[in-house]
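Some notes on the structure that comes next.
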Amino acid sequence: MKGRKTYGLLAFTIALIVFVCSGSSTNKSFGEQGRQDTLLLSPPIEPTFVKDKKYHRLNKKNIDAFIQDWKDWSLELRTFSTDSVVNQAINRIMSEYSEWNQPDSSLFYSMPCCIEIKRYQGSYPPNDANEFRPGYEEKQQALERFAYVPGFDSNKPLLYMTPEIEKLLSQYLGGVGEFGSRVTSINKARVAYLSRLFYVHYGHWGGYWILNSMPMIYYLGLYDDGICAYLRTSWCSGETVFVPYDTAKELVDFDFWIE
């Protein structure tokens, strides 16, 4: 693919995942395993329209008002996305992956309200290209780690997802377990309605929804020469991509996984 190098044979990995039915925000793919962090990934401003229990449950009467409140809060939250270097890397990722992702005709782009960022000393990878492999960053000592509101120059409004918002939407769509009960029926009309607004796909293992647009960034590793991004690229796959700060250099994708 133009503009990207791929180390498929070097680092290709297929993950057979044991599913634990514990809700969409806690389902772990191969790219997420082993990351039981204590970093609090909470937005700098809370979605009070959810926290204040304005919407106990979504229904036909209040869904449009909920979307509007969500849009207004997301617009305010985006003002905290101020790191031009990080946002430039996110822009390149979104631009590059939009070339091969399925056409997105939705009205909004949905993404996590916060992502983890780790800052490292030195370049990535070392001089040997064989270092483009899973687990390299885990061997390095991070200088700092923090939560960040991701942003990019989208041609459509951004909606920022939180666990509370995700839970309300998932219950509205159905197909999830509630309060220890069996999985509810999926409401196909509601799925069709929300799919026009943002990315909606039932989880590969069932019992949860994926509601973030693709590619979805899990976390970023900042190095002296570029940024390593750990992505979900579809409802069933993901990979790692290295984004050089030098925009004349190609992106390098590796460490592929499939659920």
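The values are calculated or read from the model by the stated rules, or taken from the named source; none is laboratory data. All of these numbers come straight from a predicted model, not from anything done at the bench. Here the Cβ positions follow ideal geometry from the backbone for every residue, glycine too, while neighbour counts run over all protein chains shown. Keep in mind that these areas ignore ligands, DNA and RNA; they rest on the heavy atoms of the full protein, side chains included. Shrake-Rupley method; radii C 1.70, N 1.55, O 1.52, S 1.80 Å.
Among the residues making up segment 173-192, a single one is part of a helix (DSSP H, G or I), in contact with a helix residue (DSSP H, G or I) (Cβ under 8 Å, 6 or more places away or on another chain) and open to solvent by 60 Å² or more (accessible area, probe 1.4 Å): ARG190. Filtered by the rule that a residue be over 21 Å from SER170 (Cβ atoms) and assigned to a loop (DSSP other than H, G, I, E, B), segment 216-242 gives TYR223, ASP224, ASP225. Comparison of ARG190, ARG196 shows that the only residue that is over 18 Å from TYR109 (Cβ atoms) and either of a type in the set (Lys, Arg) or in contact with a Gly (Cβ under 7 Å, 6 or more places away or on another chain) (or both) is ARG190. Among the conditions (1) out of contact with any Cys (no Cβ under 7 Å at 6 or more places or on another chain); (2) in a loop (DSSP other than H, G, I, E, B); (3) surrounded by fewer than 19 Cβ atoms within 10 Å (Cβ to Cβ), TYR55 misses just one, which is (3). Here segment 193-221 is the region considered, the condition is being open to solvent by less than 20 Å² (accessible area, probe 1.4 Å) and touching a Cys at 6+ places or on another chain (Cβ under 6 Å), and the residue that is nearest to GLU259 (Cα to Cα) is GLY207. Total residues in segment 95-129 satisfying the condition of being at pLDDT 90 or above and assigned to a helix (DSSP H, G or I): the figure is 0. Right, GLY207: closer than 26 Å to LEU159 by Cβ and in a loop (DSSP other than H, G, I, E, B) or not? So GLY207 passes the test.
Within segment 139-152, residues that are over 20 Å from ILE93 (Cα atoms) sit with their Cβ atoms under 7 Å from residues that are of a type outside the set (Ser, Thr, Tyr) and assigned to a strand (DSSP E or B), at 6+ positions apart or across chains, in these pairs: ALA142/LYS118; ALA142/ARG119; LEU143/ARG119; GLU144/ARG119; ARG145/GLU116; ARG145/ILE117; ARG145/LYS118; PHE146/ILE117. Here is the figure for segment 222-259: residues that are touching a Cys at 6+ places or on another chain (Cβ under 7 Å), buried (at least 20 other Cβ atoms within 10 Å of the Cβ) and of a type in the set (Val, Ile, Thr) total 1. Quickly run through segment 163-187 and pick out the residues that are in contact with a Ser or Thr (Cβ under 7 Å, 6 or more places away or on another chain), among the charged types (D, E, K, R) and under 17 Å from SER110 (Cβ atoms). The one that is in contact with a Ser or Thr (Cβ under 7 Å, 6 or more places away or on another chain), among the charged types (D, E, K, R) and under 17 Å from SER110 (Cβ atoms): GLU166.
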